[in-house]
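Below you'll find the structure, written out as structure tokens, and then a few comments.
Every read-out reported here was derived from the displayed coordinates using simple, explicitly stated rules and does not represent laboratory data. Everything numeric here is computed off the predicted structure, so don't read it as measured data. Cβ placement follows ideal geometry from the backbone for every residue including glycine, while neighbour counts extend to all protein chains displayed.
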Amino acid sequence: MTDVVMSSRGLQRSSLRRFVGNYGQELVVLLTIVLLFVVVGSYNPRFLSETNMNSIFSGNAYIAVAAIGMSLVIISGHIDVSVGSMIGVIATMAGTLAVSGYPVWVAWLVPVVFSVVVNASVGALVAYMRIPSIVVTLGMLSVLKGGLISATGGAWITDMPPAFMISQWRIFGIGTPVYFMVVLTLLAALYMRFSGFGRSIYAVGGNMEAARAAGLNPERTVVGVFALHGLFAGLAGLLFATQLQVIQSTVPPNLELTVITASVIGGVSILGGTGTVIGSTFAAILFATIGSALIFLNVSAYWLRSVLGLMILATVLVDMIRRRRST
Amino acid sequence: MSRLLKHESILAILTVLALAILAMQSDKFFTTDNLLNQGRLMSEVGLVALAMTFVIVTGGIDLSVGSILGLTAILLGVFWKNVGLPLPVAIGLAVACGSLAGFVNGLIITRFRVPPLIATLATLALYRGLAEGISEARSVRGYPEWFFFLGQGDILGIPVQLCLLVIAAITAGVILARTPFGRATYAIGANETAAHFSGIRVNATKLWIYTAAGFLASIAAVIFVSRVTTTRSDMGTGLELDVITGVVLGGTSIFGGKGTIIGTALGLILIQALKNGLSLSGVKGDGTIVVIGVVLIVAILASAIFDRNKGG
């Protein structure tokens with residue numbers, strides 16, 4: 001078939017194929033989520049109950065929000081292994097401020113600003129001093145984690161004022177974290193697609209020297225990306241902090257790995273330069289759905305993590321095979 | 001080569017400085033007993049760090065070593081207690097399974113071309129999950145007395161596992177610096193495509209290295225179980241970060257192509273000395289983690305600045 005005689009149906013098919021080609025990973029993840037809901041829901045209708053939906057979406061929204069920032073970092077060609085510790089620090093900081101009688105907006109704002117400043121400094125070390133991001137953030141992980149535990153001694157924070165508990169509000173019966181997740185994902189997706197800065201992130205991640213030759217300032221872009229990542233981590237920390245009536249003042253175990261995995265499963269190539277934030281949000285929802293589905297399918301909780309690991313491995317292998325076929 | 005040694009000399013000076021300051025802070029630090037005991041404590045991380053040096057020199061990374069350690073420990077307990085195998089057989093089988101886990105990592109990375117960070121991120125969850133699933137949170141204890149020799153005994157006054165670590169370190173150092181295999185490892189890290197076209201068997205080399213990482217993590221697991229006399233599924237959680245910190249502090253470039261076993265050994269000694277010295281001078285355990293993080297960043301920053309001055 002030549003281009004000239006391509007029928008309208010052929011055109012449609014080719015644009016569909018291009019859509020699938022561009023967003024293949026996102027579609028795979030989305031289909032898996034839908035499939036899980038259908039299969040597990042028909043096995044046990046309580047899986048689709050409002051309470052369970054709320055716990056899947058509301059309870060894990062902070063992971064999706066953190067994964068947005070992580071996706072930006074990975075697209076720019078870097079990584080942050082300290083995000084879990086950062087979220088723990090932000091949560092504790094916010095909780096401490098809230099119970100010490102500071103106005104609620106101070107308790108929200110100060111930790112977020114802290115996160116932005118620290119991450120921007122990490123970005124500066126990475127961009128201007130040329131230190132690999134995995135090394136800087138590995139160091140930062142130790143500093144934040146150790147600092148948090150030695151500052152608090154692991155004491156729990158309770159009795160936070162109700163006005164502070166941002167995660168526990170509901171609008172039209174849906175928890176606020178869901179709104180955060182949806183709105184932030186959409187904003188970030190639009191920003192990445194249409195703003196000059198958003199596209200410069202792809203350019204820098206794809207080929208730093210080419211980006212420089214094209215007149216971009218890769219160093220400034222990287223610092224900006226880390227600052228934005230700090231903002232998302234800050235918001236994720238607040239959602240996490242106000243989820244329960246108690247803040248445990250510890251670093252949630254393996255949170256950084258969950259966040260990185262969400263970004264990568266969502267289609268962000270670890271090599272930088274490609275991926276979307278919508279995919280990472282889908283992937284965060286997928287993890288939560290798998291976790292919940294296993295409980296409803298009466299799979300022993302002890303096997304939960306190995307099933308998750310297998311799913312991650314399967315997704316990655318399918319992605320690699322798909323990519324190899326397309327090139 | 002002189003540039004390579006530059007980082008190691010900075011590190012050696014840092015280590016001596018740290019040792020001197022710590023010795024002044026507490027008179028318990030520079031005692032034979034304490035130093036030997038510290039050697040005992042760093043053996044598990046040290047063994048894994050040797051293999052991790054090879055992995056990172058090829059430009060890869062292995063995040064699953066902590067999970068392999070946990071899985072091997074659990075299998076060791078299950079094979080012995082639940083299956084009823086004699087303990088030496090159980091140890092052998094568990095180590096074989098741990099090595100297989102490393103081999104699977106290598107297979108995913110070489111056959112399917114999955115980036116090492118992602119592949120081992122997935123197997124980190126998978127292997128830890130298997131450990132949790134198999135053990136169902138039950139711990140195994142009651143091992144026979146002779147088994148504790150490995151983790152608690154001495155040979156000529158030196159902890160058994162420290163002897164093992166020293167032998168393993170010398171072997172690894174010779175392999176990396178003096179054999180065709182070592183040169184292949186550097187070549188892959190410097191430029192994988194060029195290495196391939198120079199006739200180096202890139203995939204086979206990598207497969208060996210990831211299998212070795214699994215093997216050494218399993219040996220570390222056996223020593224760990226013998227030292228603490230019990231097995232639990234959460235053993236070795238976070239080990240990968242300790243190991244990578246030691247290797248990177250030792251001057252191995254995370255981009256591959258650069259790094260030495262001597263550097264890794266110095267990095268490990270510095271970290272262990274800081275941990276121990278600070279806790280002796282009254283800093284709580286978590287405070288020492290902060291110092292290690294700062295030392296890591298400062299050491300890399302310093303060598304980056306030196307490198308740049310030399311290059312520019």
Kirkwood hydrodynamic radius of segment B:126-221, Cα pairs, Å: 16.7 Å
Residue order, fewest to most surrounding Cβ atoms within 10 angstrom, among A:192, B:52: A:192, B:52
Descending Cα extents along the principal axes, segment A:249-311, whole Å: 40, 30, 17
Separation of the residue A:190 and residue B:27 label points, Cα + 7 Å toward Cβ, nm: 7.1 nm
Cα radius of gyration and Dmax for segment A:45-326 (Å): 18.8, 59
Residue B:89/residue A:318 FRET efficiency (R0 60 Å; Cβ-Cβ; nearest 0.05): 0.95
Selection from A:154, B:7, B:134, by position along the positive dipole direction of the protein assembly as shown (Cβ): B:7
Point-charge dipole on Cβ atoms (K/R +1, D/E -1) for chain A, about Cα centre, debye to 20: 860 debye
Over segment B:227-272: Kirkwood hydrodynamic radius from C-alpha pairwise inverse distances, Å: 11.8 Å
Peptide-level mean, for B:293-299, of C-beta atoms on other protein chains within 10 Å: 6
Alpha-carbon gyration tensor eigenvalues x 5, square-rooted, for segment B:1-83, Å: 33, 24, 8
Order of A:97, B:11, B:156 under a 10 Å beta carbon neighbour criterion, fewest first: B:156, A:97, B:11
Charge tally in the Cβ shell below 13 Å around residue B:70, where Lys, Arg are +1 and Asp, Glu are -1, residue B:70 excluded: -1
Virtual spin-label span in nm between residue B:96 and residue A:246, 7 Å along Cα→Cβ: 4.7 nm
Cut-off 15 Å between beta-carbons: net charge of the residues surrounding residue B:201, Lys and Arg +1, Asp and Glu -1: +2
Segment B:1-160, Cα convex hull volume normalised per residue, Å³: 174 Å³
Fewest-first sequence of B:175, A:68, B:289, B:68 by Cβ atoms within 10 Å of each Cβ: B:175, B:289, A:68, B:68
Chain B: relative contact order as a whole-number percent, Cα under 8 Å and 6+ apart: 35 percent
Nearest-0.05 FRET efficiency for residue A:298 and residue B:305, computed from C-beta distance (R0 60 Å): 0.55
Inter-chain shielding of A:126-137 (mean C-beta neighbours from other protein chains, 10 Å cut-off): 4
Qualifying GluC sites (Glu not before Pro) in segment B:90-188, DSSP loop, other Cβ atoms within 10 Å at most 14: B:136
Sum of side-chain charges, residue B:38 neighbourhood, beta-carbon under 15 Å (Lys, Arg +1; Asp, Glu -1): 0
Cα-based equivalent ellipsoid, the protein assembly as shown: semi-axes from gyration tensor eigenvalues, Å: 38, 30, 28
More than 17 Å apart - percent of Cα-Cα pairs taken over segment B:181-280: 65 percent
Of B:229, B:162, B:49, farthest towards positive along the dipole that unit charges on Lys, Arg, Asp, Glu beta carbons give segment B:2-307: B:49
Pairwise Cα inverse-distance average, inverted: Kirkwood Rh of segment A:38-113 (Å): 15.2 Å
Quarter of Cα convex hull surface for segment A:93-217, i.e. mean projection, nm²: 10.6 nm²
Point-to-point label distance, residue A:168-residue A:220, nm (Cα→Cβ direction, 7 Å offset): 4.5 nm
Cα centre as origin, Lys/Arg/Asp/Glu Cβ charges: segment A:121-213 dipole, Debye: 240 debye
Chain A: relative contact order as a whole-number percent, Cα under 8 Å and 6+ apart: 34 percent
Cα convex hull of segment A:202-327 - mean projected area over all directions, nm²: 10.4 nm²
Packing-based ranking, highest mean first, of A:232-240, A:27-35, A:99-107 given that Cβ atoms within 10 Å are counted: A:232-240, A:27-35, A:99-107
Cα pair distances of segment B:153-207 binned at 10 Å [whole percent]: 23, 35, 20, 15, 7, 0
Cα Rg, Dmax (largest Cα-Cα span) when computed across segment B:2-307, Å: 19.2, 58
Residue B:6/residue A:274 FRET efficiency (R0 41 Å; Cβ-Cβ; nearest 0.05): 0.65
